[in-house]
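Working notes for the structure below.
Read the figures in this text as sums done on the coordinates, not as results from a lab. Predicted model, so just to flag it, every value in this text is computed and none were measured. Ideal geometry is used to build each Cβ from the backbone, glycine not excepted, and the neighbour counts take in all protein chains shown.
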Amino acid sequence: MKARVHVMLKDGVLDPQGEAIRHALGALGFAGVNGVRQGKVIELDLAASDTAAAEAEVSQMCEKLLANMVIEKYTVEFI
Amino acid sequence: MKAAVITFPGSNCDRDLIVGFENAGAEVVKVWHKETELPAGIDVVGVPGGFSYGDYLRCGAIASQSPIGRALVAFAQKGGYVIGICNGFQVLAEMRLLPGALMRNGGLKYISKPVPLVVTTTDSAFTEGYSAGQTITIPIAHHDGNYQIDPEGLKMLNDQDRVAFRYAQNPNGSVDDIAGVLSENRRVLGMMPHPERAVDATHGGTDGVALFRSILGRLVAA
């Protein structure tokens with residue numbers, strides 16, 4: 001089973017890299033981009049076959065290491 | 001007085017930090033990241049600058065979970081003195097020994113230059129050798145030094161007088177110009193500027209000397 005973890009900055013936390021991307025898109029002529037938030041995607045290849053158990057474990061992974069809960073939030077999808 | 005300086009793969013200020021401690025009169029033990037315990041009789045631990053584990057995932061995140069990282073958390077929780085500089089500050093924040101987080105600089109650029117800092121509190125073993133409100137010059141060299149904390153956390157830091165240093169001219173977007181913070185017991189200090197690069201008149205000034213003398217003076221007196 002694979003899990004895909006999306007880590008994003010929390011709403012309200014200023015994202016300097018997202019802002020830089022927005023400026024660059026504007027410079028390329030893409031008008032109308034009101035905002036850009038960037039984050040990361042982490043794919044986990046898991047031995048577990050039970051989704052419920054894996055879900056709990058991946059949440060722990062996120063909170064202990066994959067995301068910094070001070071400034072980031074995460075979502076998990078199983079694929 | 002014994003200090004330990006931890007070296008992670010990618011640390012590059014560990015030798016400078018050792019010189020900082022030694023010049024102030026400490027005996028320094030080097031500790032490799034794979035150690036699971038700190039040597040006996042250590043009074044203060046220094047976590048140096050650099051790019052521990054290549055800054056993979058987030059600056060300081062992997063180091064915070066390393067074998068020596070767990071020993072360091074236990075040392076701090078028992079009331080040990082710890083100073084984390086630059087990447088060391090990022091490591092201590094990732095360990096939750098200090099509140100807040102260090103994000104990418106507001107201007108997105110790596111900045112390396114001496115900056116004026118205001119000593120915000122002298123109520124700590126690291127800063128009591130300065131005078132309150134004193135402006136000192138200490139080099140910064142970082143890409144991710146933008147200190148952020150939520151409004152409640154910021155209020156707590158200010159109410160408890162836990163901001164150790166502020167930038168006189170904010171270089172990186174840090175909230176409330178914060179350059180360094182103290183733990184609740186005031187024994188753990190994290191700061192982005194490099195006092196260990198300001199301990200020799202021929203190499204970048206001597207404004208960092210008082211920090212190392214302060215902590216050693218406190219420990220020798222204890």
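Overview of results
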| quantity | calculated |
| --- | --- |
| Fewest-first sequence of B:His142, A:His6, B:His194 by Cβ atoms within 10 Å of each Cβ | A:His6, B:His142, B:His194 |
| Antiparallel %, DSSP beta bridges [both residues in the protein assembly as shown], to 5 | 70 |
| Average beta-carbon neighbours from other chains, 10 Å sphere, peptide A:62-72 | 5 |
| Radius 9 Å from Cβ of B:Ile138, net charge of other residues (Lys, Arg +1; Asp, Glu -1) | 0 |
| Long-range tail of P(r) for chain B (Cα pairs > 28 Å, %) | 18 |
| Sorted by Cβ density within 10 Å, fewest first, the residues A:Thr75, B:Thr7, B:Thr122 | A:Thr75, B:Thr122, B:Thr7 |
| Where only C-alpha atoms are counted, convex hull volume of the protein assembly as shown per residue in Å³ | 148 |
| Residues B:Thr206, B:Thr120 arranged by fewest to most Cβ contacts within 10 Å | B:Thr206, B:Thr120 |
| Label-point gap, in nm, between B:Tyr110 and B:Ala74 - each point 7 angstrom along Cα→Cβ | 3.6 |
| At most 16 other Cβ within 10 Å, DSSP loop - GluC sites (Glu not before Pro), region B:1-102 | B:Glu35, B:Glu37 |
| Inter-centroid distance (Cα atoms) of region B:77-133 relative to region B:1-50, Å | 17 |
| Inter-label distance for A:Glu57 and B:Glu22, nm, one decimal - labels placed 7 Å from Cα along Cα-to-Cβ | 4.7 |
| Cβ-placed point charges (K, R +1; D, E -1), dipole of region B:50-196 about Cα centre in debye, nearest 20 | 300 |
| Simple spin-label estimate for A:Lys64 and A:Glu77 in nanometres, 7 Å along Cα-Cβ | 2.6 |
| Cα point-scatterer Debye curve for chain A, base-10 log of I(q)/I(0) at q = 0.15, 0.17, 0.20 Å⁻¹ | -0.62, -0.72, -0.85 |
